[in-house]
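The values are calculated or read from the model by the stated rules, or taken from the named source; none is laboratory data. On a predicted model such as this, the values are computed, not experimentally measured, just so you know. Here the Cβ positions follow ideal geometry from the backbone for every residue, glycine too, while neighbour counts run over all protein chains shown. Surface accessibility is based on the protein's heavy atoms, side chains included, excluding ligands, DNA and RNA. Shrake-Rupley method; radii C 1.70, N 1.55, O 1.52, S 1.80 Å.
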Amino acid sequence: MIKNIFFFACVLAGMACTSQSKDEFTVKGKLDKPFTGTVYLGHITDKFTNIDSVQLTNATEFSFTQHISNPDKYRISFKPYCNGYEFIAEAEGCYELKNDSVTVIQGKEQELMNRYLKTITPFRQEAEKLMNLYAEAETAKDEKALSELREKLTQHFTKEQQTTVDFIKSCPGSYTAVDLAGNLLLREYPEWKEVYETVDTINYTYSYAFRSLQEKMNEARSLWIQDIEAPDFTTTDINGKTVKLRTLKVIIFCSTFGLHGADLVVTKPRR
């Protein structure tokens with residue numbers, strides 16, 4: 001019986017979405033208790049901007065239908081404030097917001113995001129526990145516990161980031177992958193480069209998520225010095241002798257492998 005009720009509810013929701021055109025999405029909200037105030041539909045371009053709103057008076061439901069050209073991130077917020085929602089909308093998408101979650105009636109991108117959230121939620125719950133323990137240790141000024149917890153948090157954070165990267169690799173052509181990549185907090189340029197080369201860098205360049213990913217990768221690249229040849233320069237050693245970087249490289253090579261000058265034949269580099 002319960003399954004039948006759920007089935008008919010989904011059918012009715014699907015029928016409600018058929019009234020929208022092929023270049024629109026619809027989002028419907030169902031609140032736990034009556035709300036009086038303004039509900040906003042917002043979108044991030046270079047900054048967060050509210051693009052539509054509806055006034056509610058002691059109401060529990062609202063809806064928006066919005067034109068859309070490409071998949072992108074949207075947000076529902078409230079004034080006076082209460083918990084909002086973020087979701088990925090796309091053409092012909094239909095979404096229901098209820099109990100702090102986004103149910104997808106139609107739309108593959110938010111469905112992917114829901115799968116990711118289900119995967120990552122246990123990590124975030126564990127991180128919250130560790131942070132609470134850290135706060136307790138900080139209050140108690142327990143340096144040993146703080147040191148151990150810092151190590152655990154670092155390991156946990158690294159594992160969570162890798163889980164996100166693995167999920168991105170499982171759906172590389174999606175907007176969701178770009179959105180997740182733009183929120184990563186990786187450290188080294190090779191890590192960013194790997195993610196950048198995994199996702200679709202052609203179809204989602206309009207999005208804030210893609211620009212965020214590109215900006216973070218470029219910043220990491222600017223700080224990355226490994227595998228970049230240092231420019232040649234001339235300096236003076238402790239004996240007042242002029243030495244070039246090229247010569248220093250030979251000296252270091254000799255020292256490393258126990259060679260002497262007579263063992264080497266230095267040739268000029270080819271132009």
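Could you check, for the stretch 116-131, whether at least one of its residues is open to solvent by less than 60 Å² (accessible area, probe 1.4 Å), at pLDDT 95 or above and under 20 Å from Asp23 (Cα atoms)? Taking every residue of the stretch 116-131 in turn, none turns out to be open to solvent by less than 60 Å² (accessible area, probe 1.4 Å), at pLDDT 95 or above and under 20 Å from Asp23 (Cα atoms). When the stretch 41-65 is filtered for residues that are touching a strand residue (DSSP E or B) at 6+ places or on another chain (Cβ under 8 Å), within 24 Å of Phe210 (Cα to Cα) and either among the hydroxyl-bearing types (Ser, Thr, Tyr) or not in a strand (DSSP E or B) (or both), only Thr49 remains.
When the criteria are applied in full, Glu92 fails the requirement of being touching a Ser or Thr at 6+ places or on another chain (Cβ under 6 Å), surrounded by 16 or more Cβ atoms within 10 Å (Cβ to Cβ) and within 30 Å of Asp166 (Cβ to Cβ). Consider the stretch 21-32 and keep the residues that are open to solvent by 40 Å² or more (accessible area, probe 1.4 Å) and part of a strand (DSSP E or B). The one that is nearest to Asp179 (Cα to Cα) is Glu24. The set of residues in the stretch 33-89 being of a type in the set (Lys, Arg), open to solvent by 70 Å² or more (accessible area, probe 1.4 Å) and under 24 Å from the mean Cα position of the chain (by Cα) consists of Lys47, Arg75.
Taking each residue of the stretch 98-118 that is closer than 19 Å to Ile168 by Cβ and looking for partners that are part of a helix (DSSP H, G or I) and aromatic (Phe, Trp, Tyr) with beta-carbon atoms closer than 7 Å, six or more apart or interchain, yields Glu109/Tyr175; Tyr116/Phe167.
Restricting attention to the stretch 16-40 and to residues that are under 30 Å from Ser212 (Cα atoms) and among the acidic types (Asp, Glu), the residue that is modelled with the lowest pLDDT turns out to be Asp23.
Matching residues to (1) among the acidic types (Asp, Glu); (2) open to solvent by less than 80 Å² (accessible area, probe 1.4 Å):
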{"residue": "Glu143", "(1), (2)": "yes, no"}
{"residue": "Glu151", "(1), (2)": "yes, no"}
{"residue": "Gln155", "(1), (2)": "no, no"}
{"residue": "Gly173", "(1), (2)": "no, yes"}
{"residue": "Asn183", "(1), (2)": "no, no"}
{"residue": "Pro190", "(1), (2)": "no, yes"}
{"residue": "Lys193", "(1), (2)": "no, yes"}
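Listed by position, the helices (runs of 4 or more DSSP H) enclosed by the stretch 164-223 that each have at least 1 residues that are over 10 Å from the mean Cα position of the chain (by Cα) and basic (Lys, Arg) are 189-198, 208-223.
The single residue among Ser101, Ser63, Ser77, Ser69 that is of a type in the set (Gly, Ala, Ser) and closer than 11 Å to Val27 by Cα turns out to be Ser63. Sub-7 Å Cβ pairs linking a first residue in the stretch 36-62 that is under 17 Å from Tyr85 (Cα atoms) to a second residue that is of a type in the set (Asp, Glu) and open to solvent by 30 Å² or more (accessible area, probe 1.4 Å), at least 6 apart or interchain, are Leu41/Asp52, ordered by first then second residue.
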